[in-house]
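*Asks:* This structure is in structure tokens; I'll ask about it shortly.
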Amino acid sequence: MVRLYLKYFAINIKSQMQYKTAFFLHLFGRIMLSFATVAGVWFMFLRFNRVEGFTLNQVLLCTAVTMMSYSITEVFARGFDIFPRLLGNGEFDRYLVRPRGVIYQVIATHMEFGRLGVFIQAVIVFCYAIPNSGIVWSPDKILTLFLMIICGAAVFSGLYIIFASFSFFTVEGLEFMNILTHGGKEFGRYPYAIYGEGILKFLTFIIPLALFQYYPLLYLIERESSPLYILTPLLSMFFLVPCYVFWKIGLRHYKSTGS
Amino acid sequence: MALFRIRFSAGLQYRAAAIAGISTQFAWGFMEILAFMAFYRSNPAAFPMEFSHLVSYIWVQQAFLALIMPWGVGGKVVETIVNGNISYELARPMSLYNRWFFETIADRVSRFILRCAPILIVALVVPEPFRMTLPPSLPQLGMFAAAILLTLCVVTAFCILDYISVFYTMSRFSGTIFVITADFFAGGYIPLPFFPEPLRKVVELSPFGAMQNLPLRIYSGDIAGMHAVRGIALQIFWLAVMVIIGKMLMKYSLKRVVAQGG
């Protein structure tokens, strides 16, 4: 299974490298797009210095974590993002008759490396924010940061799966998921707590974006010292359970379009 | 215009999509305001606009998004260049520039009409710190209307420059860098008053300052009187410049256009 995945990986890279100019234009466009977001944060801090007690460097850590998680999802779970298309053109029907898991095939057949642009931008921001944040990078802090990124990618993938599951029922009006996926990334440029109590609760208990971003950040910048905060990103992984259940329900409901 | 009517009725077909779009934009505006509110709480003295002006800025931005965003809505135009259907377009007895210009405007207006009213109505009735205020006076509203129409023309002329670049790269990402630059410097990410000082002055005079920056700030009264009139004059100037450049580039590119297949 892993070997097959690597094979798909190689095929995806090869096919996208056939159009080199298009690939690099796409990549560069994505870098610029996320750069504009970062520049916006930077300009705000030139004027305000702090927001809710967070400094620019602390906020940039948040920005970079969220961007990196999101871009991992965008590259590797891209199949769910374009899922309505897979249903529409009958590609999904072919997955159903193959002797491999459906989720596995959706993930393996669609990777879009142009979307690594956001990842590259996140790396650049990390290069600036990690040394300048004043954090002593002991092993526990490094582990926390690592968990933030990985679990973040898991939560965003869960959102993508929900989006794809919805498209079993309807293809219209799915734009509202944007506020959670794309919006989650854009608003994750600041710690989710600055949006107020209500939003923070929503992002903790319903869509657990804050669990991988805000709470572990408190540990990183030593506002909280309990090691439990290292593990909050892991809690967010439970979000994948309802996502998976919803996907299963959608799959049972699925009728081919017949094309 | 017939072209206009066709595009318009096509846009009206997708009502569920429009409802989803409206709620998304509404949630988006709400989150933006919450973010600015956090900065306001941290240091009200450093806030460069009145808070109510900012709230209006964001709601008007969301409501008029389809008219003012520099992002091309003409995916179809790019497709015709890449797949070669442009040769049909060239066979028609009509200037391609004008055709693109009015098609893009029609697309934008039809999207706008579907979406603006619900957003504006909700924005006018939500509770206090989030409520949009009305423009301070009738002449101010008139200037806002003029500025938003000009913005529509300026961004459309800008989009066509983006389409023309596709002739050379055959990729729909070719102009992305310019579009993002425009979006950022027109105040799409943060309003221009939040820019650092010397930069803000330069940007306000640039073509980007003649985009959404101007109408959104005129609406709330952040820019008023002579400043607004000067801004509108600047919009007319940049519109003329961009249309002239666009027509010239178009003429030049069409001479060397290679139709892709059939």
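*Asks:* For B:Arg256 and B:Ala46, FRET efficiency with R0 = 51 Å and r from the beta-carbon atoms, rounded to 0.05? Could the numbers behind the result be given before it?
*Replies:* Numbers: r = 52 Å, r/R0 = 1.02.
It comes to 0.45.
*Asks:* For the protein assembly as shown, state the average projected area of the convex hull of the C-alpha atoms over all orientations, rounded to one decimal in nm². All intermediate terms of the calculation are to be shown ahead of the outcome.
*Replies:* Working: hull surface 104.0 nm².
Seen from a random direction, the Cα hull of the protein assembly as shown projects 26.0 nm² on average.
*Asks:* In deg cm²/dmol, rounded to 500, what helix-only [θ] at 222 nm does the protein assembly as shown give when every DSSP H run of at least 4 residues adds -39500 (n - 2.57) and the total is split over its residues?
*Replies:* Values: 26 runs with 374 residues, N = 521.
Computed mean residue ellipticity for the protein assembly as shown: -23500 deg cm²/dmol.
*Asks:* While we're on this one: Which residues in region A:145-189 have a backbone N closer than 15 Å to a point placed 7 Å from the Cα of A:Val245 along the Cα-to-Cβ line?
*Replies:* Hits in region A:145-189 for A:Val245 at 15 Å: A:162.
*Asks:* Report the Cα centroid-to-centroid distance between region A:4-64 and region B:91-158 in angstrom, as an integer.
*Replies:* Spelled out, the Cα-based centre of one part sits 30 Å from the other.
*Asks:* Just counting partner chain Cβ atoms within 10 Å, what average do the residues of peptide B:39-49 show around their Cβ? Present the calculation step by step, with values, prior to reporting the outcome.
*Replies:* On the way: counts 9, 2, 4, 8, 5, 0, 0, 5, 2, 1, 0.
Taking all residues of B:39-49 together, the mean is 3.
*Asks:* I would also like to ask the following. For the pair A:Ser226/A:Arg50, report the inter-label distance in nm, with labels modelled 7 Å from Cα in the Cβ direction.
*Replies:* A separation of 2.4 nm, rounded to one decimal place.
*Asks:* How far, in nm, would the chain grow between A:Gln16 and A:Arg3 when pulled straight, counting 0.36 nm per residue and subtracting the alpha carbon separation? Write out the running numbers ahead of the final one.
*Replies:* Numbers: separation 13, 0.36 × 13 = 4.68 nm, distance 2.01 nm.
Result: 2.7 nm gained on full extension.
*Asks:* Could you name the lysines in cross-link range of B:Lys251, using Cα to Cα under 22 Å and dropping any fewer than eight places away on the same chain?
*Replies:* Cross-link targets: B:Lys76.
*Asks:* Could you tell me which helices of chain A pass both thresholds, a Cα extent of 27 Å or more along their own axis and a mean Kyte-Doolittle hydropathy of at least 1.6, with helices taken as whole DSSP H runs?
*Replies:* Details: long enough: A:20-48 (42 Å, 1.27); A:56-76 (30 Å, 1.14); A:139-169 (46 Å, 1.75).
The answer, listed by residue number, is A:139-169.
*Asks:* Additional query: For region A:50-164, what is the convex hull (Cα atoms) projected area averaged across all directions, in square nanometres?
*Replies:* Working: hull surface 35.7 nm².
Result: a mean projected hull area of 8.9 nm².
*Asks:* Could you order the peptides B:120-132, A:116-128, A:231-243, B:236-248 from most to least packed, using the average number of other C-beta atoms within 10 Å per residue?
*Replies:* Working: B:120-132: 14.3, A:116-128: 19.6, A:231-243: 17.8, B:236-248: 15.8.
In descending order of packing, they fall as A:116-128, A:231-243, B:236-248, B:120-132.
*Asks:* Another question about this same structure. Which three lengths, in whole Å and largest first, does chain A cover when its Cα atoms are put on their principal axes?
*Replies:* Computed over the Cα atoms, the extents are 57, 42, 35 Å.
*Asks:* Calculated FRET efficiency, B:Leu134 and B:Ala233, Cβ-Cβ r, R0 30 Å, to nearest 0.05? Present the calculation step by step, with values, prior to reporting the outcome.
*Replies:* Working: r = 25 Å, r/R0 = 0.85.
Given R0 = 30 Å and the Cβ-Cβ separation, E is 0.75.
*Asks:* Moving on. Counting partner chain Cβ atoms within 10 Å of every residue's Cβ in A:44-56, what's the average?
*Replies:* 4
*Asks:* How large is the direction-averaged shadow of the alpha-carbon convex hull of region A:214-259, in nm²?
*Replies:* Working: hull surface 19.0 nm².
Mean projected area for region A:214-259: 4.8 nm², to one decimal.
*Asks:* A further question on this structure: Please report the spacing between the Cα centers of region A:120-140 and region B:222-252 in Å, no decimals.
*Replies:* 43
*Asks:* Cross-link candidates for A:Lys201: which lysines have Cα within less than 21 Å, leaving aside residues fewer than 8 places away along the same chain?
*Replies:* Straight-distance partners of A:Lys201: A:Lys185.
*Asks:* In Å and on Cα atoms, what radius of gyration and Dmax does region A:119-259 show?
*Replies:* Considering region A:119-259 through its Cα atoms, Rg and Dmax are 17.3, 59 Å.
*Asks:* Listed highest first by mean packing, meaning other Cβ atoms within 10 Å per residue, what order do A:155-164, B:109-118 come in?
*Replies:* Values: A:155-164: 24.0, B:109-118: 18.1.
Descending mean neighbour count gives A:155-164, B:109-118.
*Asks:* Taking R0 as 30 Å, what FRET efficiency do you get between A:Lys201 and A:Phe28 from their Cβ-Cβ distance, rounded to the nearest 0.05? Present the calculation step by step, with values, prior to reporting the outcome.
*Replies:* Details: r = 39 Å, r/R0 = 1.29.
After rounding to 0.05, the efficiency reads 0.20.
*Asks:* Determine the equivalent ellipsoid of region B:155-241 by diagonalising the alpha-carbon gyration tensor, then write out the semi-axes as square roots of 5 times the eigenvalues, largest first, rounded to whole Å. If you can, show how the numbers build up before the last one.
*Replies:* Numbers: eigenvalues 136, 42, 19 Å².
For region B:155-241, the semi-axes come out at 26, 15, 10 Å.
Where a number appears in this text, it was derived from the coordinates with a stated rule and is not lab data. Source: prediction; values computed, not measured. All Cβ positions, even for glycine, are placed from backbone atoms using ideal geometry, and neighbour counts span all protein chains on display.
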